[in-house]
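Read the structure below first, then the notes.
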Amino acid sequence: MSLYRAFDLRIHSEILLPELIPLENADQEADVKIVRSTVDFPDLEPTSIHRRGIMAQSAEDVNGAIYLRWEGVAGYKAVNGDTLYIEPYTDDAELLSLFTVSEALGCILLQRGLLLLHASSVQVGSVAYSFLGEPGAGKSTTATAFVKHGSHLLSDDLTAICFDDNNRPFVLPAYPQLKIWENTVNGLNFDKSELTPVAEGINKFSLRPGVNFPAEPIPLAKIFLLHDRPELPATQKFSPVEAPIELVRHFPLSARLLRGKVHQRHFQQSSWCATHAQIWNKRRPAGFAALEKWVSEQHSA
Amino acid sequence: MNELSGKEFKLSSAQVSSNVADEVVILNHDKGVYYGLGEVGATLWSALESGPKSFDELCAVVTAEYEVDRETCEADVAALLSELMHEKLVEADS
């Protein structure tokens, strides 16, 4: 049993989770437990979530338990926002960890009432910026360029946001890992000796900015909706009133989970984000030099 | 006079809304359907957000903000309320 920190939670896990920050005192009480177990799955539905070419299947039962199953990797059952059961189908520890700390842990975060976005986030000065966009729009690349420029990484791919009593949004620091394509490594002139290949045969590298990883939730100041559409202005303020509809498109789990009260909460929380943070439509800068120039402007602004 | 004039109106429990400046976006989370309201609709919606209102009170809110005669205003408010009730965003108590 190991104890880790991620998303401002203490996580006790029966499987190794090398992406997460290990905590010394394993006797501390955990917020979330990850438990090896067989899982009795209900009928599962297909989703649009893919990881390593495998499509996730998902379901929810009447008690609010969320099921997630990746063929050949693992099946999960998230209960009550505090227990994640995992039924592994492989012995590949790295693969199990990768799938556990993404959407599966996301199911727990959803049950804990957090706003989830398919986004990468960084801390710039004392505030957080989140980057959203279709796959390939440049979320991780943009976050990487910010980190290269001295920002702290907060999350890659899955961003969880909590709210204070005044409904102000805060990004929870996830864990210190950023996965980037080889062309990003080259384009931003990273030293490959500081990076780890993600897995054999995959053209991705893992950047682990272990020092200065923030411990506390960071106030969200800007959301950038990255796109690659030449017909739109390079930078355009997004109408805050439409934010709740737009942010639903960036929900990272099965869209079927956004029903009733959960959909209502997502709408309400998105609208709070629009009240307290700026939302921009941002065409991704053409080329790495333009990206670094924009990042540099954002730091001096 | 119309059939709505003696009733009191309030926002339903099936909705949640985002209200910024002159625009409103509403979600009916029972149905999973979104709605947008224009300027006059937003005025009416803001009034209902502050609590239940009678038909006359709602008409008064609109005539106070827009140059419109009473008859046109009543017809417009009645039409809008009917639509909002049809979509289960607003409820009427008689």
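Summary table below
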read-out	value
Extension reserve of the A:ASP228-A:ARG36 stretch, reckoned as 0.36 nm per residue once the Cα distance is removed	64.9 nm
Relative contact order, percent, chain B [alpha-carbon distance under 8 Å, six or more residues apart]	37
For region A:116-300, accessible area per residue (1.4 Å probe, heavy atoms of protein chains only), Å²	43
Accessible area in square angstrom per residue, chain B, 1.4 angstrom probe	52
Sequence-separation-based contact order of chain A, relative, with Cα cut under 8 Å and 6+ spacing, percent	15
Cα gyration tensor, region A:118-240 - rounded (a/c under 1.5), prolate or oblate	oblate
Under the span-like rule (Cα at least 15 Å along the axis, Kyte-Doolittle mean at least -1.0), DSSP H helices of chain A	A:288-300
The protein assembly as shown - charge dipole about Cα centre, Lys and Arg +1 at Cβ, Asp and Glu -1, debye rounded to 20	1300
Rounded to the nearest 20 debye, dipole of chain B from Cβ charges on Lys, Arg, Asp, Glu	400
Computed log₁₀ I(q)/I(0) - Debye formula, equal Cα scatterers, no solvent, region A:218-301, q 0.24 Å⁻¹	-1.19
Residues listed by number, region A:156-182, amide nitrogen under 16 Å from A:ARG51 label point at 7 Å toward C-beta	A:156-160, A:174-180
Cross-link table A:LYS222/B:LYS53; A:LYS222/B:LYS10; A:LYS77/A:LYS179; A:LYS192/A:LYS293, entries beyond 32 Å C-alpha to C-alpha	A:LYS222/B:LYS53; A:LYS222/B:LYS10
Calculated diffusion of region A:1-151, Stokes-Einstein form, Kirkwood radius summed over Cα pairs, 37 °C and 0.692 mPa s, µm²/s	198
Region A:1-93 - percent of accessible surface contributed by carbon and sulfur, probe 1.4 Å	43
Dipole axis of chain A (+1 Lys, Arg; -1 Asp, Glu on Cβ), positive-most option in A:LEU95, A:ALA78, A:LEU116	A:LEU116
Prolate/oblate/rounded label for chain B (Cα gyration tensor, a/c 1.5)	oblate
Protein accessible area in region B:8-88, 1.4 Å probe - carbon and sulfur %	49
Extension reserve of the B:SER46-B:ALA79 stretch, reckoned as 0.36 nm per residue once the Cα distance is removed	10.2 nm
Relative pair counts by distance (%), Cα atoms of the protein assembly as shown, 20 Å bins	25, 50, 21, 3, 0
For region A:17-65: rounded, prolate or oblate by the Cα gyration tensor [a/c cutoff 1.5]	oblate
Distance between modelled label sites at B:ASP93 and A:ASN183, nm, 7 Å Cα→Cβ extension	6.2
Where only alpha carbons of region B:4-47 are counted, the Rg and the Dmax (Å)	11.2, 31
Calculated FRET value between A:GLN28 and A:THR196, using beta carbons and R₀ = 41 Å, to 0.05	0.90
Charge-dipole axis of the protein assembly as shown as Lys and Arg at +1 and Asp and Glu at -1 on Cβ define it, positive-most pick from B:ALA47, A:ALA199, A:PHE146	A:ALA199
Modelled FRET efficiency - R0 35 Å, A:ARG168 with B:ASP30, Cβ distances, 0.05 increments	0.75
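The values are calculated or read from the model by the stated rules, or taken from the named source; none is laboratory data. Quantities reported herein were computed from a predicted structural model and do not represent experimental measurements. Positions of Cβ are generated from backbone atoms using ideal geometry, with glycine treated the same way; all protein chains shown enter the neighbour counts. The accessibility values were calculated without ligands, DNA or RNA, using every heavy atom of the protein model including side chains. Shrake-Rupley method; radii C 1.70, N 1.55, O 1.52, S 1.80 Å.
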